[in-house]
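Below is one structure, written out as structure tokens, with a few remarks after it.
The values are calculated or read from the model by the stated rules, or taken from the named source; none is laboratory data. The structure displayed is predicted, hence computed values, not measured ones. Methodologically, a virtual Cβ is constructed for each residue, glycine included, from the backbone with ideal geometry; neighbour enumeration extends over all protein chains shown.
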Amino acid sequence: KGRAPKTGYSREQFYDGWPTIDGCSLRQRILKRELGDTAMLDGCNVVAGEYDEPYTGKHIVFHERSEVSEIQIDHVVALSDAWQKGAQRLSADERYAFATDALNLLAVDGGANKQKSDGDAATWLPANKKFRCQYVARQVSVKYKYGLWVTQAEKDAILRILANCPSESAIGV
């Protein structure tokens, strides 16, 4: 299916800022998940840790004084891409669930996230080629979970990537 118009799109159609879940910011929860056992916490706040960033493959050492732009929380299926591919017909509660679903969120390099912007698999893929199969499988899983569609160019790119990793499975569906 083709892209629907972006008419009416705004981030606020999904949510207004990072929600708090059980007293902790969703952003902090995603950072903690990505940093795993290396995460050092001050209450809910991640103050230090390290991990292999998925989009670039770089090993990142995070500390509280790191600039926020260094590590960003990315919507694997970007909000505006989702809006143009079916989210505009979802209820407000469904859009909120989509925007805050941990399946659709990754802590990533800020520069890579800016480069990706609202791209889909046809227009942007991670520089880290080892992560592309997982990235595309995650996009497919999120779009399937929320009943979103893909364009023909996106479908072609997805099939091309997944042909190189036939054992990659859908995530969380």
Exercise for the section: Could you list, in sequence order, all residues of segment 83-97 that are surrounded by 16 or more Cβ atoms within 10 Å (Cβ to Cβ) and within 14 Å of GLU12 (Cβ to Cβ)? Expected result: TRP83, ALA87, GLN88, ARG95, TYR96
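Can you name the residue in segment 55-82 that is among the hydroxyl-bearing types (Ser, Thr, Tyr) and in contact with an Asp or Glu (Cβ under 8 Å, 6 or more places away or on another chain) and, of all such residues, is nearest to SER10 (Cα to Cα)?
SER80
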Practice task
Please find, within segment 100-112, the residue that is nearest to GLN139 (Cα to Cα) out of those that are under 9 Å from the mean Cα position of the chain (by Cα) and buried (at least 19 other Cβ atoms within 10 Å of the Cβ).
Solution key: ASN104
Exercise for the section: Kindly check whether there is at least one residue in segment 129-140 that is among the aromatic types (Phe, Trp, Tyr), modelled with pLDDT of 95 or more and within 12 Å of the chain's Cα centre (by Cα). Expected result: yes
Exercise for the section: Output the residues belonging to segment 31-72 that are crowded, with 20+ Cβ neighbours inside 10 Å and aliphatic (A, V, I, L, M). Expected result: LEU31, LEU35, VAL46, ILE71
